[in-house]
1. Exactly one of these conditions fails for Tyr212: (1) of a type outside the set (Lys, Arg); (2) farther than 28 Å from Gly275 by Cβ; (3) touching a Phe, Trp or Tyr at 6+ places or on another chain (Cβ under 9 Å); (4) touching a residue at least 24 places away in the same chain (Cβ under 8 Å). Give me its number.
2. For Asn97, state whether it is free of Cβ contacts under 8 Å to residues at least 24 places away in the same chain and outside any strand (DSSP E or B).
3. Which count do you get for residues in segment 321-358 that are in contact with an Asp or Glu (Cβ under 7 Å, 6 or more places away or on another chain), in contact (Cβ under 8 Å) with a residue 40 or more places away in the chain and of a type in the set (Ser, Thr, Tyr)?
4. In segment 61-93, which residue that is of a type in the set (S, T, N, Q) and either in a strand (DSSP E or B) or in contact with a Gly (Cβ under 7 Å, 6 or more places away or on another chain) (or both) is surrounded by the most Cβ atoms within 10 Å (Cβ to Cβ)?
5. From Ala191, Ala202, grab the single residue that is of a type in the set (Gly, Ala, Ser) and free of Cβ contacts under 8 Å to residues at least 12 places away in the same chain.
6. What do you reckon, is Ala111 at pLDDT below 95, out of contact with any Cys (no Cβ under 8 Å at 6 or more places or on another chain) and surrounded by 23 or more Cβ atoms within 10 Å (Cβ to Cβ)?
7. When you check Asp207 against the structure, is it under 27 Å from Arg65 (Cβ atoms) and charged (D, E, K, R), yes or no?
8. Within the set of pairs 6+ apart or on separate chains, which have a first residue in segment 145-168 that is over 14 Å from Ala306 (Cα atoms) and part of a loop (DSSP other than H, G, I, E, B), a second that is charged (D, E, K, R) and at pLDDT 85 or above, and C-beta atoms under 7 Å apart?
Amino acid sequence: MGTTLVMKRALLPLALVAACGAASAQSSVTIFGVVDAVVQVGRGSVSNLTQMRDSGYNSSRLGFRGTEDLGGGMSASFWLEAGLANDNGGGQPTSTNNQASGTPAVGSASALLFNRRSTVSLSGSWGEVRLGRDYTPQFWSLTVYDPFGNSTAAGASRTNNSAFTGVTAVRASNSMGYLLPQNLGGFFGQAQYYLGENPSNAGATKDDGSGYGLRAGYGNSVFDVAIALSRTKYAAGDIRQNNIGAQWNFRLGRVMAQYTRDSNGALDGRGFLVGGLLPVGVGELRASYSGYRTTAAGSPESKKWALGYVHNLSKRTALYATYARLSNSGGSRVALNGATTGANDPSTGYDLGIRHAF
């Protein structure tokens, strides 16, 4: 028995190590990110500008995400993702309350936050509940159905860059969201409610920054479509951002289209995009035509052609180039890549960059 007891005592630490290993095997933490640097040239009738920027192809970021298997088909996860201005080493601002009052100045000490996403989630066969700062449902179609995605480069669509829908156009803080499970035969959806977190005695502004977004769609290997509706409350006038988008996958590439209808108080806006992606060897051609018009005095409108090429050096590293030409009418003064142009004058933009993901 003495020998047996000694053996049990010797094996106990090994059993504990094995148990810890089994527990840790059910969890995972990943560090990920994108570093994207681009030289941009903007030309307008008033002034030109040449600059180095970030996020010309994909948005630069640094993130941490992890998942724990809770058993029974359930899991818990977190996602912390910060936007980076890698051209100068700075961070990016974020709105803490979905209002201008909660947005620090660019480059301030509080700007380097997990502004892109900071959520904790619980998932199961019933879907996912997600809490924190997250993308709004009304944003997704503007980037998924855009050949140039959500970038700050010359090729980004007018539907995305022209929208006057405030700080919740892309993300919302203090949000509570629900996403449908992925086993619904191609149907997908997302609902989100977010808080402005103003005190109840704030008077007319007590609901500022609070709102909701809804998105529903269907997709398969050939075709997918989605529609989104949203409303954010402000005493100065509610903001609504509504859109529909779709894409078709052909043997030679993909064709995309979207239409958006926005309002900010008494001001209305309408936008459209048609475009596509065409694989060429190890690279890809990107092209789009987009426009945006508002009901402001003169009905200002801007329209843009964009053409780009991405050359993949590997699965993580790519070189890219973009050319865009924009026209203005109705008194519009939109210019590309930081240039300045006069009313109804055109503008051109050029991008040349490199993207590395890890």
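The values are calculated or read from the model by the stated rules, or taken from the named source; none is laboratory data. Computed from a predicted model, the values in this text were never measured in an experiment. Reconstructed Cβ throughout: ideal geometry from the backbone, glycine too, with neighbour counts over all protein chains shown.
1. Against the list (1) of a type outside the set (Lys, Arg); (2) farther than 28 Å from Gly275 by Cβ; (3) touching a Phe, Trp or Tyr at 6+ places or on another chain (Cβ under 9 Å); (4) touching a residue at least 24 places away in the same chain (Cβ under 8 Å), Tyr212 comes up short only on (4).
2. On the way: free of Cβ contacts under 8 Å to residues at least 24 places away in the same chain: no; outside any strand (DSSP E or B): yes.
No; evaluated as a whole, the condition is false for this residue.
3. Step one: of segment 321-358, the residues in contact with an Asp or Glu (Cβ under 7 Å, 6 or more places away or on another chain) are 321-322, 328-330, 332, 353, 355.
Next, from what is left, pick out any that are in contact (Cβ under 8 Å) with a residue 40 or more places away in the chain: 322, 353, 355.
Add one more test, that the residue is of a type in the set (Ser, Thr, Tyr), and what stays is 322.
Within segment 321-358, residues that are in contact with an Asp or Glu (Cβ under 7 Å, 6 or more places away or on another chain), in contact (Cβ under 8 Å) with a residue 40 or more places away in the chain and of a type in the set (Ser, Thr, Tyr) number 1.
4. In the first step, residues of segment 61-93 are kept if they are of a type in the set (S, T, N, Q); the result is 67, 75, 77, 86, 88, 92.
Imposing the further condition that a residue be either in a strand (DSSP E or B) or in contact with a Gly (Cβ under 7 Å, 6 or more places away or on another chain) (or both) reduces the set to 67, 75, 77, 92.
Details: Thr67: 17, Ser75: 17, Ser77: 17, Gln92: 20.
Here the answer is Gln92.
5. Details: Ala191 fails: free of Cβ contacts under 8 Å to residues at least 12 places away in the same chain.
Among Ala191, Ala202, only Ala202 is of a type in the set (Gly, Ala, Ser) and free of Cβ contacts under 8 Å to residues at least 12 places away in the same chain.
6. Numbers: at pLDDT below 95: yes; out of contact with any Cys (no Cβ under 8 Å at 6 or more places or on another chain): yes; surrounded by 23 or more Cβ atoms within 10 Å (Cβ to Cβ): no.
Criteria not met by Ala111.
7. Values: under 27 Å from Arg65 (Cβ atoms): no; charged (D, E, K, R): yes.
So Asp207 fails the test.
8. Ala163/Asp262; Phe164/Asp262; Thr165/Asp262
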